[in-house]
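Here the structure comes first, spelled out in structure tokens, and everything after it is commentary.
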Amino acid sequence: AIERTFSIIKPDATRRNITGKVLSYLEAGGLRVVAQKRIHMTKEQAEGFYAVHKERPFFNDLVSFMISGPVVVQVLEGENAVLKNREIMGATNPANADAGTIRKDFAESIEANSVHGSDAPETAKEEIAYFFKPEEIVG
Ligand code: CMP
């Protein structure tokens, strides 16, 4: 079924000016951008977004990294978009990512791993609503 997922092009990618390269992988994989904006997250925004990881040892570093520069937040649409996007991104740790994935080709580390993507359709709905108003999404 046609589905939507939430994506972030992270600060390591905006810093290196490769947001277009990252987007080309998403589009080549069959996903369409139906909403997109460049933002610099506040600490509170990043902490809220990653609240599920609050007890993890990497939480503070993760939040610092995510506010270290601008990001591009996106809503992507396509057939099985959540799973499709996860395939295109590759494993969280670039060392484990398959050839031809965004993280294999661009990520610098498990933290500076270039992209975020929702892990399930329900999470996608919440994450999309966290950053976008319904009228900002144009399918
Ligand atoms: P993301 O999909 O954005 O969700 C949480 C992020 O935490 C993850 O990608 C990684 O970039 C980051 N992270 C940093 N260290 C770790 C770790 N040890 N295990 C999992 N995720 C980590």
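The values are calculated or read from the model by the stated rules, or taken from the named source; none is laboratory data. All of these numbers come straight from a predicted model, not from anything done at the bench. Neighbour counts run over all protein chains shown; Cβ positions are idealised from the backbone, glycine included. Just the protein is used for accessible areas: all its heavy atoms, side chains included, with ligands, DNA and RNA removed. Shrake-Rupley method; radii C 1.70, N 1.55, O 1.52, S 1.80 Å.
Among the trypsin sites (Lys or Arg not before Pro) within segment 31-108, those in coil by DSSP and having at most 15 neighbouring Cβ atoms inside 10 Å are K54. Each Cα pair under 8 Å and six or more residues apart adds its separation to the average, and for segment 44-117 the resulting relative contact order is 20 percent. Fully extending the segment from A95 to R16, taken as 0.36 nm per residue of separation minus the present Cα-Cα distance, adds 26.5 nm. When a 1.4 Å probe is rolled over the protein heavy atoms, the share of accessible surface on the chain that falls to carbon and sulfur comes to 50 percent.
Starting from a Cα-only point model with no solvent, please compute log10 I(q)/I(0) by Debye for the chain at q = 0.15 1/Å. Relative scattering, expressed as log10 I(q)/I(0), comes to -0.68.
Helix content alone sets the calculated 222 nm mean residue ellipticity of the chain: runs of n ≥ 4 DSSP H residues at -39500 (n - 2.57) each, divided across all residues, give -10500 deg cm²/dmol.
With protein chains left intact and a 1.4 Å probe, residues in segment 20-139 average 54 Å² of accessible area per residue. Based on DSSP loop calls and a cut-off of at most 15 other Cβ atoms within 10 Å, the longest stretch of the chain free of exposed GluC sites (Glu not before Pro) is what? Counting at most 15 other Cβ atoms within 10 Å as exposed, the longest clean stretch of the chain is 1-54. Contact order for the chain, expressed relative to its length and based on alpha carbon pairs under 8 Å spaced 6+ residues apart, stands at 38 percent. Extension gain for E79 to E108 (0.36 nm times residue separation, less C-alpha to C-alpha distance): 7.5 nm.
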